[in-house]
Amino acid sequence: MSHAINRLIEIMKTLRTPITGCPWDLDQNFSSIAPYTLEEAYEVVDAIERNNMSDLREELGDLLLQVVFHARMAEEENSFDFNDVIDAICEKLIRRHPHVFGQQDGLTSEAVLRQWEDIKAQEKRSKQTQEPASLLDGVPLAFTALTRAVKLQKKASKVGFDWNNALLVIEKVREETEEVAAELKTTGLLPTPEIEEEIGDLLFVVANLARHVNVDPEQALRGANRKFERRFHYIEARLQESGQSPAKATLAEMELLWLEAKKSEK
């Protein structure tokens with residue numbers, strides 16, 4: 001194991017060696033690599049959702065490369081190195097699992113999660129030199145909009161700024177949908193800042209609804225994307241059988257095939 005990790009670290013070091021290294025790798029910095037880090041994390045999730053272990057192995061390697069890449073750049077500026085990254089996560093895992101590495105035991109899964117959040121909050125407080133400006137501080141801008149919406153809502157919920165149940169959120173979804181419709185009637189279907197704002201409000205409330213029923217909106221939307229792809233592929237295949245294409249077919253024809261695809265899945 002250590003030999004494999006050391007080999008990867010040495011390869012990354014060679015790629016980042018001035019003059020003899022790779023020009024592209026040498027041109028990179030934390031900011032330029034960050035989008036690739038996010039992309040690799042999503043590709044790991046994609047492999048998991050497709051239950052493809054071969055792809056998962058490869059994607060986990062790509063994600064590990066991102067960690068090694070960032071650690072190498074940090075080492076070059078004498079901030080930290082890969083070993084420091086490992087030490088930090090080991091210490092955190094031990095600190096946040098007192099029910100395993102300490103005297104506390106007999107906790108349920110829910111209690112463990114609450115304990116984790118409490119310890120995490122204590123760690124943040126110990127790092128702060130002053131009180132946070134807002135309860136909502138600490139939610140990274142790099143999160144996807146849906147994920148960030150849920151994180152912000154959870155923080156606000158801790159002080160009671162929340163609906164009591166999902167049915168109340170559904171009423172809010174209806175209200176926001178009506179506001180979108182009213183704005184569209186006013187603007188005549190033109191894209192305006194007002195329409196963008198109303199649709200943003202609608203998406204924010206839908207994310208809130210997902211949170212209230214313990215559904216990850218990102219995962220739910222990925223599932224909807226896969227379903228759309230699957231059914232549209234069915235439409236394309238059926239049209240191809242009759243010598244047609246989506247570009248030449250009518251909307252009515254495609255909608256009929258969509259219903260066929262939907263029925264075949266049940």
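When both the stretch 59-108 and the stretch 223-247 are represented by their alpha-carbon centers, they are found 44 Å apart.
Of the accessible area of the chain, computed with a 1.4 Å probe over protein heavy atoms only, carbon and sulfur atoms account for 58 percent.
Where a ≥ b ≥ c are the square roots of the eigenvalues of the C-alpha gyration tensor, would you call the stretch 112-186 rounded, which needs a/c under 1.5, or, failing that, prolate if a/b is larger than b/c, or oblate? The shape class here is prolate. Divide the volume of the convex hull around the Cα atoms of the chain by the residue count and you get 263 Å³ per residue. For the stretch 26-74, the list of trypsin sites (Lys or Arg not before Pro) that fall in a loop by DSSP and count at most 14 other C-beta atoms within 10 angstrom reads R50. For GluC sites (Glu not before Pro), no site in the stretch 12-75 is both called loop by DSSP and has at most 12 other Cβ atoms within 10 Å. When its C-alpha radius of gyration is set against 2.2 N^0.38 Å (N residues), the stretch 27-164 gives a value of 1.27. Selection among N225, N208, P191 by position relative to the dipole of the stretch 191-230 gives N225 as farthest towards the positive end (Cβ unit charges, Cα centre). In the full protein context, the chain carries 71 Å² of accessible surface per residue, based on a 1.4 Å probe and ignoring ligands, DNA and RNA.
The values are calculated or read from the model by the stated rules, or taken from the named source; none is laboratory data. All of these numbers come straight from a predicted model, not from anything done at the bench. Neighbour counts are summed over all protein chains in view; Cβ atoms, including those assigned to glycine, are modelled from backbone coordinates with ideal geometry. Heavy atoms of the whole protein, side chains included, go into the accessibility calculation; ligands, DNA and RNA do not. Shrake-Rupley method; radii C 1.70, N 1.55, O 1.52, S 1.80 Å.
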